[in-house]
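Asker: If you scroll down you'll find the structure; I have some questions about it.
The values are calculated or read from the model by the stated rules, or taken from the named source; none is laboratory data. Just so you know, these numbers come straight off a predicted model, no measurement behind them. Positions of Cβ are backbone-derived with ideal geometry, glycine not excepted, and every protein chain shown enters the neighbour counts. Only protein heavy atoms, including side chains, enter the accessible area calculation; ligands, DNA and RNA are left aside. Shrake-Rupley method; radii C 1.70, N 1.55, O 1.52, S 1.80 Å.
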Amino acid sequence: MSADDPRLAEAAAVLRARGFGGPFALAVVAGTGLGPLAEALAAPRHLAYAEIPHCPVSGVTGHAGRLVAGRLAGREVLLFQGRTHPYERGEAGAMRIPLGLVAALGAPPLLLTNAAGSLLAEAGPGSLALITDHLNLAGMNPLIGEPADGRFVPMVDAYDPALRAGLRRAAAVAGLRLHEGVYAWFAGPSFETPAEIRMAGRLGADLVGMSTVPEVILARFFSLRVAALSLVTNYAAGFTGGAPSHAETKRVAAAAAGDVVRLLTAWLEDLS
Ligand code: HPA
């Protein structure tokens, strides 16, 4: 497998033939419960992942499993409505084909979104947080087995500083509070124990989740400019009396999806 993987050429040809050739101002991966982002796109076109050769299909509830192209703030956006997680099949490179397709379709800036648990007292459920850096605590890497020197991907400023600055400006314009923090990837699918969360906190984590980190590594492998946004759906395990649940994740994410749309709308007006 390499960046010029023939599977990518095949999948990209299908997308071009189906009217998904771009150019796009932005590509977005919608995390759990953030599917409603698709409803904000004007003149939308849809394509099920199942119709895209080699594209993984997620079985996780809260993930529709289709590609949507449409306009937001007058700009053409490519939205992956749902992602496949490494915990579904044990493959850290589960999102390799979708992210390689972003590169093949003109390499627009990429925004990864996720639902996350928060270790920040001031960022409770419903908050938005910009990811500044990550901790890979899952013991997996999507580039294991990659044969060429391209696998030695630098991860300094992996979360693109200029895109982050633009998102901060957009949050100010939209009147939204945007927290910031380091995201720790746990493989899941079980939620973390309180002891694991205490450990992650001591290591420097502010947010925890089960995605995004391998996607950022793949995005940098494909030379994409990438930013990532967490929608906090709960305090991390042990912070409060309750236990995180997938039902809560979906409910809180859906309720805050409107804020994400406002942020993206303001960002697209700023994004050159
Ligand atoms: N942990 C891991 N993943 C999550 C969480 C959490 O607390 N909340 C939403 N996704």
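Asker: Can you give the translational diffusion coefficient of region 136-248 in µm²/s, computed by Stokes-Einstein from the Kirkwood radius over Cα pairs at 10 °C and 1.306 mPa s? Walk me through the numbers on the way to the answer.
Answerer: Details: Rh = 15.8 Å.
Answer, rounded: 100 µm²/s.
Asker: Which stretch or stretches of region 63-97 have amide N atoms under 13 Å from the point lying 7 Å from Arg18's Cα along the Cα→Cβ direction?
Answerer: Label zone hits: 65-69, 79-81.
Asker: Moving on. Counting only heavy atoms of protein chains, what accessible area per residue, in Å², does region 6-271 have with a probe of 1.4 Å? Let's see the in-between values first.
Answerer: Values: 10170 Å² over 266 residues.
Roughly 38 Å² per residue, with all protein chains present.
Asker: Still on this model: Less than 13 Å Cβ to Cβ from Ala184, Lys/Arg counted +1 and Asp/Glu -1: what total charge do the surrounding residues give? The partial results should precede the final answer.
Answerer: Numbers: positive: Arg198, Arg202; negative: Asp133, Glu192, Glu196, Asp206.
With Lys, Arg at +1 and Asp, Glu at -1, the neighbours total -2.
Asker: Moving on. Can you list the HN-Hα couplings for region 178-184, worked out from phi with the Karplus curve (6.51, -1.76, 1.60; θ = phi - 60°), rounded to whole Hz and with x for Gly and Pro?
Answerer: Once θ is set to phi - 60°, the couplings for region 178-184 become 10, 6, 9, x, 8, 9, 9 Hz.
Asker: Taking H as built 1.01 Å from N, whose amide H comes closer than 5 Å to the amide H of His134, not counting residues under 5 places away?
Answerer: Tyr183
Asker: Extent of the chain along each principal axis, from alpha carbon coordinates, in Å, largest to smallest?
Answerer: Principal extents (Cα only, largest first): 52, 42, 33 Å.
Asker: Same structure again: For region 230-272, which whole percent of the accessible surface, found with a 1.4 angstrom probe, sits on carbon and sulfur atoms?
Answerer: Numbers: 990 of 1850 Å².
Solvent-exposed carbon and sulfur of region 230-272 make up 54 percent of the total.
Asker: Picking from Ala158, Ala170, Ala200, whose Cα lies most toward the positive end of the charge dipole for region 143-234 (charges on Cβ: Lys, Arg +1; Asp, Glu -1)?
Answerer: The residue sitting farthest along the positive end of the dipole is Ala170.
Asker: Please give me the summed charge of the neighbours of Phe152: other residues whose Cβ is under 12 Å from its Cβ, Lys and Arg +1, Asp and Glu -1.
Answerer: On the way: positive: Arg151, Arg220; negative: Glu146, Asp149.
Result for the neighbourhood of Phe152: 0.
Asker: Find which of Leu135, Phe191, Pro244 sits farthest along the positive direction of the dipole of the chain, computed with +1 on the beta-carbon of Lys and Arg, -1 on that of Asp and Glu, about the Cα centre.
Answerer: Among Leu135, Phe191, Pro244, the one farthest towards the positive end of the dipole of the chain is Pro244.
Asker: Could you please report the charge total around Leu41, scoring K, R as +1 and D, E as -1 over all other residues with beta-carbon less than 11 angstrom from its beta-carbon? It would help to have the intermediate numbers written out before the result.
Answerer: Numbers: positive: Arg45, Arg71, Arg75; negative: Glu39, Glu76.
After counting each charged neighbour, the total is +1.
Asker: Among Thr61, Thr249, Thr212, which one shows the biggest mean-square fluctuation in a GNM of the chain, springs joining Cα atoms closer than 10 Å?
Answerer: Fluctuation is largest for Thr61.
Asker: Another question about this same structure. Could you give the distance between the Cα centres of region 21-99 and region 157-212, to the whole Å?
Answerer: 21 Å
Asker: For the chain, set up a Gaussian network in which alpha carbons nearer than 10 Å are linked by springs, and say which option among Leu37, Leu105, Leu137 fluctuates the most.
Answerer: Checking each option, the largest mean-square fluctuation is seen for Leu137.
Asker: Stretched out fully, how many nm does the piece from Arg71 to Ala42 gain, at 0.36 nm a residue minus the Cα gap?
Answerer: Details: separation 29, 0.36 × 29 = 10.44 nm, distance 0.49 nm.
Here the answer is 10.0 nm.
Asker: Can you divide the C-alpha Rg of region 1-155 by 2.2 N^0.38 Å and report the result to two decimal places?
Answerer: Numbers: Rg = 16.0 Å, N = 155, 2.2 N^0.38 = 15.0 Å.
Its radius of gyration relative to the 2.2 N^0.38 Å reference: 1.07.
Asker: In debye to the nearest 20, how big a dipole does the chain give about its Cα centre with +1 on each Lys and Arg Cβ and -1 on each Asp and Glu Cβ?
Answerer: Numbers: 22 positive and 23 negative charges, 95 e Å.
The dipole magnitude comes to about 460 debye.
Asker: Determine the calculated [θ] at 222 nm for the chain from helices alone, applying -39500 (n - 2.57) to every DSSP H run no shorter than 4 residues and normalising by the residue count; nearest 500 deg cm²/dmol. Could you put the intermediate results ahead of the total?
Answerer: Values: 7 runs with 83 residues, N = 272.
Rounded to the nearest 500, the figure is -9500 deg cm²/dmol.
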